[in-house]
Amino acid sequence: MKYYRIFLFIALYSLILLLVEWQTSQLFVRQFFTDIGQHEITGYAINTTLSAFLLWATALLFVISLSCVKKKNVEYWFFISQIIMFVYLGCDERFLIHESIGKFLGRNDAYLLLGLGLVEVGLLTWLGNLQQKTQLARKFLYVAAVLFFIMVVIDAKFPKDMLLRLSLEELAKLWADIFLFLFAWEIMQQKIGNRRI
């Protein structure tokens, strides 16, 4: 499997952060998962940085795929929708947009993310033409969807101070981001390959 090194690296990264919370506390490990701000240790907000990077990199891969489209057809609008979605998600991750909206509305912000997930499902169904995507791209997408759902359930339903809750939620999000990036990567490779033919 050509992606095993990526999976191995992220698996090791995930295990280390789970062990850090296990051996210390949620308060300590929050420094690795928290949003960018004042920092006291090396690695502060590293998970948020990786997550935002992957979301914006996914948008960039869709920009590259869009450059291979010759006319404004359904595929063109699919790539536009994905660029907008992933630029927004990267900004949301970096600037706490859905958290701020949830606080303003007095609602659990996890459900706002679920709403975005449903919008994405609609875009994929309506514009995505998934049957034309490679089998590997579809597998990456389905795994990302499952991980996204796990993240939302943990965020919405698990006690905020439960041991490993923060690590599990944030790592599920990071893994979902990785699989979404790989989904976009496979699509980009397919588009570039088709352009050469």
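Is it the case that some residue within region 126-138 is of a type in the set (K, R), in a helix (DSSP H, G or I) and exposed (fewer than 14 other Cβ atoms within 10 Å of the Cβ)?
no
Residues to consider are G102, G90; find the one that is open to solvent by less than 30 Å² (accessible area, probe 1.4 Å), assigned to a helix (DSSP H, G or I), touching a helix residue (DSSP H, G or I) at 6+ places or on another chain (Cβ under 6 Å) and free of Cβ contacts under 8 Å to residues at least 12 places away in the same chain.
Testing whether each residue is open to solvent by less than 30 Å² (accessible area, probe 1.4 Å), assigned to a helix (DSSP H, G or I), touching a helix residue (DSSP H, G or I) at 6+ places or on another chain (Cβ under 6 Å) and free of Cβ contacts under 8 Å to residues at least 12 places away in the same chain leaves just G102.
In the set A176, A156, which member is surrounded by 17 or more Cβ atoms within 10 Å (Cβ to Cβ) and not β-branched (V, I, T)?
Unique residue meeting the criteria: A176.
Take the residues in region 64-84 that are open to solvent by 20 Å² or more (accessible area, probe 1.4 Å), in contact with a helix residue (DSSP H, G or I) (Cβ under 6 Å, 6 or more places away or on another chain) and free of Cβ contacts under 8 Å to residues at least 40 places away in the same chain, then tell me which one is nearest to Q190 (Cα to Cα).
Looking at residues that are open to solvent by 20 Å² or more (accessible area, probe 1.4 Å), in contact with a helix residue (DSSP H, G or I) (Cβ under 6 Å, 6 or more places away or on another chain) and free of Cβ contacts under 8 Å to residues at least 40 places away in the same chain, I get L66.
Yes or no: T34 open to solvent by 40 Å² or more (accessible area, probe 1.4 Å) and either among the basic types (K, R) or more than 30 Å from S81 (Cβ to Cβ) (or both)?
When the stated conditions are applied, T34 does not pass them.
So, F28, is that one modelled with pLDDT under 95, more than 17 Å from the chain's Cα centre (by Cα), open to solvent by less than 90 Å² (accessible area, probe 1.4 Å) and over 17 Å from L124 (Cα atoms) or not?
Here the answer is yes, as F28 does meet what is asked.
Quick test of your reading of the structure: T49 fulfils all but one of (1) within 14 Å of the chain's Cα centre (by Cα); (2) farther than 14 Å from L174 by Cβ; (3) open to solvent by 40 Å² or more (accessible area, probe 1.4 Å). Name the failing condition by number.
Among (1) within 14 Å of the chain's Cα centre (by Cα); (2) farther than 14 Å from L174 by Cβ; (3) open to solvent by 40 Å² or more (accessible area, probe 1.4 Å), T49 violates only (2).
For region 46-68, how many residues are at pLDDT 95 or above and among the β-branched types (V, I, T)?
Residues that pass the stated criteria total 3.
Using beta carbons and a limit of 7 Å, which pairs, at least six apart or on different chains, have the first residue in region 173-186 and without any contact (Cβ under 8 Å) to a residue 40 or more places away in the chain and the second one part of a helix (DSSP H, G or I)?
Between residues of region 173-186 that are without any contact (Cβ under 8 Å) to a residue 40 or more places away in the chain and residues that are part of a helix (DSSP H, G or I), the close pairs are A176/A144; A176/L147; A176/F148; A176/M151; F179/F140; F179/V143; F179/A144; F179/L147.
The values are calculated or read from the model by the stated rules, or taken from the named source; none is laboratory data. Given the structure is predicted, the values throughout are model-derived calculations rather than measurements. Reconstructed Cβ throughout: ideal geometry from the backbone, glycine too, with neighbour counts over all protein chains shown. Accessible surface is based on the protein model in full, side chains and every heavy atom, while ligands, DNA and RNA are left aside. Shrake-Rupley method; radii C 1.70, N 1.55, O 1.52, S 1.80 Å.
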